[in-house]
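Values in this text are rule-based calculations from the coordinates and carry no lab data. Only a predicted model underlies this, so the values are computations on that prediction, with no experimental measurement involved. Neighbour counts run over all protein chains shown; Cβ positions are idealised from the backbone, glycine included.
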Ligand SMILES: [Fe+2]
Ligand SMILES: [Fe+2]
């Protein structure tokens, strides 16, 4: 993340476009949830034979729920970024006007009479920038959290695949299909989240 | 920005600011007026946001900025008062006098600190530091809530958009030849002023005043006989021509 937030006029659009991409994440999280249900039903039917699959399905449900919750938080944070970036832009403009007046009024008898307004505008701008920076940091952290979870999902996919191989022929294909769908969903989420972070950090 | 001291009396003075060479070219040129007493001051139609820095830089040649205790906005247009949000940061203790109908609208420019004092439709008198200014109704000339400012001591009428024109930076600050000045103001009055009834009412009102200078917010200032020439010319002019289409 950039240490200094450069006030780009399109910053609030960036936040909105992060929000827009989240619909993909949400869709995939719901897919995971659905696959988890299928897996649970299958585990119930297959019985003792596949009991090692039980914790995996629980994990899938947990992952889907966590992702949906994180997406909600990200949406909230994106909205805050849109707002705080607009406030910062306006603060930047105000400071610019006072600075210009300072330059234009060189030699004026009462030039210093608006220095408190100039200082206040500068201080406001610093506060606005810090708020924006805080919001961007929060959003990055939330996106990182989803990404970390998707990396963990990779490990679970490998384990599930090994487990699926030991399941009797009757259920093996079903389990393998569930694992494959889970893997695809997790990959898509990770790719989207990485894209969001790129957009957010202007890279 | 061009600066002219228009009047200097025993207790107060009028200063006009205009023809800002720093303004972006597509923005209409405006005149701003400062009335300064010993301890206080009022800024009439402070101008658009693009002009703010030039205005602020200009007024501090005449007074410490916090001596400005009052602002006046004849109506709601952006060229009149879109700088409000910045004056609000500069003069948090000032009072803005503006038509009551525009309060909810003008606050969109940002008015968190400044006190908004609503001028009633019939107008009112503002007194401060020994000065008396009359807010003269000029509704529908062009704005539906609109006032002129009359100073009976200096005999100056600040007329807002009335008398103004689509002038250029090179135009003189004072009308030099009224006949030659007409092309500059004709379209502006025909197309911007909407109502014959409003025009007649305003003319009737201001004809009762003793006016030495009539100062519009755009273009050149009318002095002496040119004031009467303008009033007669306006009387004969058809306004509201946008309705011809
Ligand atoms: Fe206007
Ligand atoms: Fe105007």
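Computed from the Cβ-Cβ distance with R0 of 41 Å, the FRET efficiency linking residue B:244 to residue A:16 stands at 0.35. Bridges between two residues of the protein assembly as shown, per DSSP, are antiparallel at a rate of about 65%. Of the beta bridges in segment B:2-242, as assigned by DSSP with both residues counted there, near 65 percent are antiparallel. Using only Cα atoms, tell me the angle between helix A:169-200 and the longest principal axis of chain A; keep it within 0 to 90° and round to the nearest 10. The two axes meet at around 10 degrees.
Taking all C-alpha pairs of segment A:93-143, those more than 14 Å from each other amount to 60 percent. Per residue, the average separation of C-alpha pairs within less than 8 Å and at least 6 apart gives segment B:189-241 a relative contact order of 57 percent. The GNM of chain B, with springs linking C-alpha atoms under 10 angstrom apart, assigns the highest mean-square fluctuation among B:97, B:181, B:189 to B:181. When shorter helices are ignored and each DSSP H run of at least 4 residues is given -39500 (n - 2.57), the per-residue value for chain B at 222 nm works out to -7000 deg cm²/dmol. Inter-chain Cβ neighbour count for B:63-74, averaged per residue, equals 2 (cutoff 10 Å, partner chain atoms only). By how many degrees, between 0 and 90 and to the nearest 10, does the Cα long axis of helix A:54-104 differ from the longest principal axis of chain A? In chain A, helix A:54-104 runs at an angle near 10 degrees to the longest axis. For chain A, the convex hull spanned by the alpha carbon atoms encloses 95 Å³ per residue. Measuring spread by the Cα atoms of the protein assembly as shown yields a radius of gyration and Dmax of 33.3, 109 Å.
Under the rule a/c < 1.5 gives rounded, and otherwise a/b versus b/c splits prolate from oblate, where does segment B:147-205 land using the Cα gyration tensor? Oblate, because a/c is 1.5 or more while a/b does not exceed b/c. For segment B:188-210 and segment B:124-141, what is the separation of their Cα centres, given in Å? Cα centroid of segment B:188-210 versus Cα centroid of segment B:124-141: 17 Å apart.
Between B:219, B:47, B:130, the GNM of chain B built on Cα springs shorter than 10 angstrom shows B:130 fluctuating the most. Summarise the long-distance tail of P(r) for chain B by giving the % of C-alpha pairs beyond 25 Å. The calculated P(r) of chain B puts 37 percent of pairs beyond 25 Å.
For residue A:68 and residue B:186, a Förster radius of 56 Å and the Cβ-Cβ distance give a FRET efficiency of 0.25, rounded to the nearest 0.05.
Share of pairwise Cα-Cα distances greater than 25 Å in segment B:138-245 is 13 percent (whole percent). Each of A:16, A:43, B:65 was scored by other Cβ atoms within 10 Å of its Cβ. Listed from fewest to most, they are A:16, A:43, B:65.
For chain B, a Gaussian network of Cα nodes joined below 10 Å ranks B:158, B:230, B:11 by mean-square fluctuation, and the top entry is B:11. Helical runs (DSSP H, four residues minimum) scored at -39500 (n - 2.57) apiece and divided by the length of chain A put the mean residue ellipticity at 222 nm at -31500 deg cm²/dmol. Among A:60, B:193, A:37, the order by Cβ neighbours within 10 angstrom, fewest to most, reads A:37, B:193, A:60. Summary value for chain A: 36 percent relative contact order, contacts being C-alpha pairs under 8 angstrom separated by 6+ residues. The relative contact order of segment B:2-242 comes to 15 percent, based on Cα pairs under 8 Å that sit 6 or more residues apart. Taken along its principal axes, the alpha carbon cloud of segment A:148-203 reaches lengths of 50, 15, 11 Å, longest axis first. Once the Cα atoms are used to define both axes, helix A:11-46 deviates from the longest principal axis of chain A by about 10 degrees.
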